[in-house]
Amino acid sequence: MRRILLCLALLALTALAAAEPRLGPEQRVAERLERLSGLVAACRLPLAVDPAAVRGIIDQELRPYADVLYAGQLVLGRHWPQASPEQRRRFAEALYGALVNRHATGLLLLTPHNVRVAKGDGPRGGETAQVELSIDAGLSRRVPVLLELRRHDDRWRIYDARWEGQSFVLGLRHTYAEEIGRRGLETVIRELETRAGTPPGPPAQRNTPAGRCLQARESL
């Protein structure tokens with residue numbers, strides 16, 4: 001369930017940063033969800049055997065709207081001041097890549113019906129905002145997921161997701177505080193970089209059935 005909630009929640013918000021003035025956050029998210037669910041529906045089978053293409057979609061659709069460095073700062077917590085600027089960047093990017101590789105297949109669960117925007121409270125103080133999603137994860141009830149955003153470089157970017165009172169970012173902080181304290185920051189970063197691997201590039205440019213399907217979708 002964790003994989004479903006995380007991937008669907010993050011994917012649901014990819015359009016918020018690019019919201020047009022005539023559309024509110026909820027309408028823009030709903031518009032993007034419709035586009036993504038249509039893409040997955042058209043290419044689900046070839047994507048299921050091409051995990052690099054799935055990661056490519058997430059990198060292309062989500063990465064520009066995720067506040068990766070700020071989330072990395074929150075995860076590092078007390079270790080952030082001791083890390084060099086280069087270590088901070090590497091940790092944040094490697095953590096993002098490792099999480100995407102682990103949870104990317106959740107994208108294939110996206111349908112036009114299992115995620116919907118419940119409400120948004122609008123900008124809080126001009127710098128932060130929250131949007132609530134309602135997600136059908138196959139349980140007896142729909143699960144509310146709260147997405148936390150902040151304005152950075154004139155763009156709204158997501159940095160955390162909360163469900164059942166738990167913060168995804170703070171959960172990672174507890175995990176990595178122990179790991180870093182026991183093994184050292186540089187060792188943890190190198191392991192994350194190995195798990196993150198190399199980004200696969202634009203998915204529609206892959207010479208695979210999934211790549212050709214996505215290319216055909218782009219040409220419509």
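Being more than 19 Å from Glu93 (Cβ to Cβ) and at pLDDT 85 or above narrows it down to one of Ala216, Ala196, Ala129, so name that one.
Numbers: Ala196 fails: more than 19 Å from Glu93 (Cβ to Cβ); Ala129 fails: at pLDDT 85 or above.
One residue alone meets the criteria, Ala216.
I need the full set of residues from segment 128-182 which are surrounded by fewer than 20 Cβ atoms within 10 Å (Cβ to Cβ), touching a strand residue (DSSP E or B) at 6+ places or on another chain (Cβ under 7 Å) and of a type in the set (Val, Ile, Thr), in order please.
Thr128, Val143, Val169
If a residue counts only when it is touching a Phe, Trp or Tyr at 6+ places or on another chain (Cβ under 9 Å), surrounded by 19 or more Cβ atoms within 10 Å (Cβ to Cβ) and at pLDDT 90 or above, which helices (runs of 4 or more DSSP H) contained entirely in segment 1-92 have at least 1 such residues? Write out each step before concluding.
Working: elements: 2-12, 25-48, 51-61, 68-76.
Hits in segment 1-92: 68-76.
Quick check on Thr198: is it surrounded by fewer than 16 Cβ atoms within 10 Å (Cβ to Cβ) and closer than 21 Å to Gln73 by Cα?
On the way: surrounded by fewer than 16 Cβ atoms within 10 Å (Cβ to Cβ): yes; closer than 21 Å to Gln73 by Cα: no.
So Thr198 fails the test.
Could you grab me the full set of residues in segment 179-215 that are of a type in the set (Lys, Arg) and assigned to a loop (DSSP other than H, G, I, E, B)?
Taking segment 179-215 as the starting set, the residues that turn out to be of a type in the set (Lys, Arg) are 182-183, 190, 195, 206, 212.
Arg206, the sole residue that qualifies.
Looking at (1) surrounded by fewer than 19 Cβ atoms within 10 Å (Cβ to Cβ); (2) modelled with pLDDT of 85 or more, which is the only condition Ala210 fails?
(1)
This table checks each residue for (1) within 22 Å of Val54 (Cβ to Cβ); (2) polar (S, T, N, Q).
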| position | (1), (2) |
| --- | --- |
| Ala104 | yes, no |
| Asn114 | yes, yes |
| Ala129 | no, no |
| Asp136 | yes, no |
| Ala161 | yes, no |
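The values are calculated or read from the model by the stated rules, or taken from the named source; none is laboratory data. For clarity, every value in this text was computed on a predicted model and none was experimentally measured. Glycine also receives a Cβ, built like all others from the backbone with ideal geometry; neighbour counts cover every protein chain displayed.
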